[in-house]
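Participant: Pasting a structure below so you can have a look.
Where a number appears in this text, it was derived from the coordinates with a stated rule and is not lab data. Small disclaimer: the values here were computed from a predicted structure and weren't measured. No Cβ is skipped: glycine too gets one built from the backbone with ideal geometry, and neighbour counts run over all protein chains shown.
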Amino acid sequence: MRIFLKENIYKTFLFLIITIFLSFFVLGCSNRDKEYDEEVEKVKRELDVSTLEAYKAVPLDAVAVLDFESLTDITPLIKDTSNFAYGLLDPSSPIVHLQSKILDNSLFKDAHSLFVLLYSSKNEVSLLQILDLSKDSLFAQSFINSLDSQPHTKRYYNGVEIKNFSNRLSIAKRDNLILASTSGISIENALRHLLSSTSLLSNNEFYTILRDCGGVGHIYLNHKQIGKLFSGMVTRGFLKYSDFVLRYATWSALEMNLKHKNLLLFEGESLNNSDASNFSTIFQQSSIEESFADQLLPASTIFAVSINTSNLKDYVKSYNLYLDANKKSSMFAPKKEYEWFVKEGYTEVVSALCIIGGKYEWITFTNKRSSNLLRFLIGVKNKIEKPIISNYENQGYMAAVLGDLFSYCSEESVCDWGEWQAIGSQRAIAELANGKLVKLSQYLSKTPVSSFFSEKYSARVIVNIKEGIDTIQNVLQKYYRDCILNSLKHKNFEYATIGVKRDKKRVITSVGYYAINLSEPPMIYQLGEEDNVIYIDSTIKKNFGPFTLTDPISSDTLYFEQSKKFLSVSLSNNKKKGLWGLPMKDTIKGVAEMVKLSDNKSYVAFILANKLYLINKKGAYANGYPKELDVKVALGPKIVREGNDDRILILDEDNVITKLDLQGNKISDWKDIHADEFTHNLPTKEIFYGKEYYVLRTVLRTRIYTLDGEEITAKNTKKPISKDSPLEVDKDDFIKVMGLDGKEFLFNLKSGKIKRL
């Protein structure tokens with residue numbers, strides 16, 4: 001089973017969480033009904049003058065502002081390699097390189113600094129830094145003079161000198177403010193606002209949020225400009241998801257806490273004026289409650305949203321007012337569905353995307369809260385009695401009342417666990433009911449997120465980014481994607497959380513991003529008996545190339561690829577000059593290799609549908625090809641040389657690896673590989689102590705086989721080898737490997753026994 005994700009709401013929330021620790025998730029403040037001039041004077045009286053100084057250069061159309069009391073606050077992101085966020089900022093960026101130089105100079109590192117995100121004319125987000133050196137006017141000129149020794153050109157804008165450097169960085173000085181950006185337009189924009197004495201401080205809504213919610217050490221987000229931020233950071237297919245953030249509020253403020261090595265924390269408040277068109281107003285009347293959903297959710301939960309309040313009826317009313325205010329009244333729940341929902345008396349509803357039996361499954365969980373005593377008695381009963389699964393009769397009701405988030409669940413079956421109920425596909429509910437899946441509470445028990453569900457919120461969002469990392473690559477543009485992936489490269493636990501709650505008439509949001517290398521990584525699955533194994537992601541990504549091939553006769557480098565749009569395949573020489581192109585009607589199965597036949601010619605070998613193709617450098621098919629294969633191919637062919645013969649390895653759609661000859665016939669002495677968990681790859685051949693073995697890296701572990709498919713690691717059930725483990729020759733047929741817990745041990749290739757180091 002291969003998976004295509006169509007869950008838009010999952011991608012929306014995941015994108016929001018990813019972009020939080022880049023610069024900007026939301027917590028809104030809306031406009032007040034006071035006179036503009038009075039607001040200006042009040043803010044100027046109450047805020048420190050040094051805080052306001054840098055804002056004089058912030059353009060009115062700023063998308064977001066990151067306010068740092070001093071640049072030492074971002075030192076961990078640039079210089080501390082032990083901090084998980086190290087690597088999040090691209091070290092090759094001219095702006096990042098500039099911070100390193102500033103931090104090396106004790107005169108400048110304590111200066112108040114703003115980083116402003118602006119929308120450039122090239123449909124990109126540009127970054128403007130504003131450094132306030134007004135504490136000592138000599139600092140500003142000293143900084144500018146220090147730049148003169150570096151090669152640069154000069155230009156003038158309204159009498160202000162702008163220095164342009166070879167790395168595209170432009171720097172200007174106006175009074176005691178230093179402006180830096182890789183966008184010359186952004187520098188000019190800031191200077192224009194300085195010279196005209198207009199800036200973001202002229203925006204009444206921003207004044208309100210700066211005074212009531214903000215100060216140094218905050219992120220500010222202009223929701224009206226959010227579409228521009230999205231267009232500069234995300235791929236085209238995700239631009240439509242800006243609507244949710246745009247409607248959350250007008251301006252937002254989140255206080256940043258960057259002092260932890262393993263997490264980023266943000267918290268802020270929403271000061272709404274009860275404008276129903278803002279999404280955050282939904283939570284103004286909601287109570288806050290503890291959740292027990294993690295005791296039912298499986299550990300393989302990738303994404304979950306929980307609405308957790310003692311009065312879901314009021315929540316639904318507020319939600320419908322929000323829809324109506326945004327002219328989406330057609331989405332109001334029909335009377336029958338609404339009355340059913342109210343009658344059920346739910347206190348918590350959860351929509352979760354989980355991996356169960358190797359497939360992505362949407363499951364809806366509902367709760368009718370009981371007393372602690374009744375909850376205990378129900379728990380005892382559930383341990384004695386086996387849950388009963390039945391057909392679900394209210395399909396579509398939940399989505400009609402609560403929106404699209406609950407529309408992805410198939411709602412075939414339902415199972416009751418006392419006060420809890422789970423709704424989903426028949427196979428998913430059956431897996432949950434057998435009680436053998438690891439629970440999310442167990443998965444999180446020894447991690448920094450262990451207390452998240454016990455904290456009281458009206459709504460909470462969780463995302464297991466480590467397991468859902470592939471989605472990031474689809475959401476963000478390459479630059480931002482690479483920065484994130486680079487920062488997470490050496491971590492075995494990455495998780496994001498959002499909690500929303502009401503405090504009097506304010507709405508508080510807490511955002512956490514956790515990335516850490518745990519000594520004992522949490523287990524999504526159980527090991528042991530076969531029926532205890534929980535399979536995880538079976539997705540095999542399509543690979544269209546280009547594949548770099550080596551001609552087995554001439555040793556020349558060749559390039560083979562398939563057009564994603566037209567599906568035609570082509571071969572090019574080492575100068576990327578096309579040798580031939582042929583139309584096809586299906587996609588290749590992720591692999592292309594070269595093989596030499598008895599006619600002393602070399603051929604490109606690939607598979608479309610279930611047919612093996614061999615085509616030479618002139619575009620001619622080998623005699624008798626393509627050949628129909630008696631297997632449903634998911635990945636292949638991988639060419640392996642055994643003695644004087646070439647064989648091909650193929651992964652079929654049932655997660656079985658088989659070996660064939662070039663005619664497509666199965667090898668008689670080969671034992672098909674049936675791994676207990678999914679693999680995204682085919683085995684590689686490796687040599688230990690002069691003998692060849694097949695090494696298979698599955699999604700969970702490393703398995704080692706003989707050339708006839710017999711698993712050597714099958715006896716090692718107590719200490720499986722990590723999927724990323726190095727394999728180093730030691731002595732006496734032992735190789736040094738690493739277990740799932742990150743600890744090294746010795747494994748014997750002959751006996752299958754293990755030995756501690």
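Participant: Quick check: pseudo-label points 7 Å beyond the Cα along Cα→Cβ at Glu692 and Asp404, how many nm apart are they?
Facilitator: My value for the distance between the label points is 5.3 nm.
Participant: For the stretch 706-712, what does the Karplus curve 6.51 cos²θ - 1.76 cosθ + 1.60, with θ = phi - 60°, yield as ³J(HN,Hα) per residue in whole Hz, taken in order and with x for Gly and Pro?
Facilitator: 6, 5, 9, x, 7, 7, 7
Participant: Also, quick follow-up: Cβ neighbours within 10 Å, averaged per peptide: list 695-703, 715-723, 294-302 in order, most packed at the top.
Facilitator: Put in order of decreasing packing, that is 294-302, 695-703, 715-723.
Participant: Under a 5 Å amide H to amide H cut-off, with H placed in plane at 1.01 Å, what residues pair with Asp730 once short-range neighbours are removed?
Facilitator: When sequence neighbours closer than 5 places are left aside, the close amide H contacts are Ile735, Lys736.
Participant: Please report the equivalent ellipsoid semi-axes of the stretch 569-611, computed as sqrt(5 x eigenvalue) of the Cα gyration tensor, largest first, in whole Å.
Facilitator: 18, 16, 9
Participant: Check Glu289: other-chain or 5+ apart residues with amide H under 5 Å from its amide H, H built from backbone geometry?
Facilitator: So Glu289 has HN proximity to Tyr457, Ser458.
Participant: In addition: Multiply the residue separation of Asn257 and Ser70 by 0.36 nm, subtract the distance between their alpha-carbon atoms, and state the gained length in nm to one decimal.
Facilitator: Residue separation times 0.36 nm, minus the Cα-Cα distance, leaves 66.0 nm.
Participant: What full-extension length gain, to one decimal in nm, is calculated for Gln295 and Ser202 as 0.36 nm per residue of separation minus the Cα-Cα distance?
Facilitator: Going from the current span to full extension adds 28.5 nm.
Participant: Could you tell me whether the stretch 669-751 comes out rounded, prolate or oblate from its Cα gyration tensor? Rule is a ≥ b ≥ c as square roots of the eigenvalues, rounded for a/c under 1.5, then prolate if a/b exceeds b/c, otherwise oblate.
Facilitator: Verdict is oblate for the stretch 669-751.
Participant: Divide the volume of the convex hull of the Cα atoms of the stretch 539-670 by its number of residues and quote the answer in cubic angstrom per residue.
Facilitator: 108 Å³
Participant: Can you tell me how the stretch 643-712 classifies by the Cα gyration tensor, rounded, prolate or oblate, using a/c under 1.5 as the rounded cut?
Facilitator: oblate
Participant: At R0 = 45 Å, how high is the FRET efficiency between Lys565 and Asp175 if r is their beta carbon distance? Nearest 0.05 is fine.
Facilitator: The calculated FRET efficiency here is 0.25.
Participant: Between Lys671 and Glu710, what length in nm is gained on full extension when 0.36 nm per residue of separation is reduced by their alpha carbon distance?
Facilitator: 13.4 nm
Participant: Got a sec to turn the phi values of the stretch 546-553 into Karplus ³J(HN,Hα) couplings, 6.51 cos²θ - 1.76 cosθ + 1.60 with θ = phi - 60°, whole Hz, x for Gly and Pro?
Facilitator: x, 9, 8, 10, 10, 5, x, 9
Participant: Sticking with this structure for a sec: Which shape class applies to the stretch 594-661: rounded if a/c is under 1.5, otherwise prolate when a/b exceeds b/c and oblate if not, where a ≥ b ≥ c are the square roots of the Cα gyration tensor eigenvalues?
Facilitator: oblate
Participant: Mind giving me the FRET efficiency for Ala609 and Lys135? R0 is 60 Å, r the Cβ-Cβ distance, nearest 0.05 is fine.
Facilitator: The value I calculate is 0.30.
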